[in-house]
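The values are calculated or read from the model by the stated rules, or taken from the named source; none is laboratory data. Keep in mind that what you see is a predicted model, and the values were worked out from it rather than measured. Neighbour counts run over all protein chains shown; Cβ positions are idealised from the backbone, glycine included.
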Amino acid sequence: MQQDEIMRVFEAYFEKYKKTEGDRSSWSAFWTEMTPAGVLEIIMTKCPKGTTFKVYIDKKKATEVTGWDAYFTAMKDVATQHPGLYDPDAIFTEMAAVV
């Protein structure tokens with residue numbers, strides 16, 4: 001799946017499932033993917049500072065980045081370091097199906 005399509009799907013998912021972080025200036029939505037290689041959780045947060053992504057692998061924080069460019073770079077690293085865990089075609093096809 002192309003990066004622009006991933007962005008479109010994740011943004012649509014975020015708008016549908018976002019929850020406030022308390023003061024209504026910060027909103028988050030998360031996606032959890034369970035695979036034989038482990039559990040991947042991606043949290044997108046939007047606040048006045050920008051869009052932040054937190055990535056957890058097996059309940060441990062793997063990375064936190066700001067912006068889409070940093071997200072795509074970080075997820076390439078996750079895919080390299082944890083083969084079979086991050087499959088963008090599968091994840092974002094499933095995400096699109098629930099939007």
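Before moving on, here are some points about what is shown:
- Residue satisfying all of: in the range 11-61; within 12 Å of residue 86 (Cβ to Cβ), in contact with a Gly (Cβ under 9 Å, 6 or more places away or on another chain) and among the hydrophobic types (A, V, I, L, M, F, W, C); modelled with the lowest pLDDT among these: 37
- Pairs with Cβ under 7 Å, 6+ apart, first in the range 75-90 and at pLDDT 95 or above, second part of a helix (DSSP H, G or I): 85/78; 86/75; 86/78; 86/79; 88/6
- Meets criteria (among the hydroxyl-bearing types (Ser, Thr, Tyr), closer than 21 Å to residue 78 by Cβ and touching a Lys or Arg at 6+ places or on another chain (Cβ under 8 Å)) for residue 45: yes
- Strands (runs of 3 or more DSSP E) within the range 1-85 that include 3 or more residues under 19 Å from residue 95 (Cα atoms), of a type outside the set (Phe, Trp, Tyr) and under 13 Å from the mean Cα position of the chain (by Cα): 27-35, 38-47, 50-57
- Hits in the range 53-74 - residues which are in contact with a strand residue (DSSP E or B) (Cβ under 8 Å, 6 or more places away or on another chain) and in contact (Cβ under 8 Å) with a residue 24 or more places away in the chain: 57, 68
- Hits in the range 52-99 (condition: within 20 Å of residue 34 (Cβ to Cβ), surrounded by fewer than 13 Cβ atoms within 10 Å (Cβ to Cβ) and of a type in the set (Gly, Ala, Ser)): 84, 90, 97
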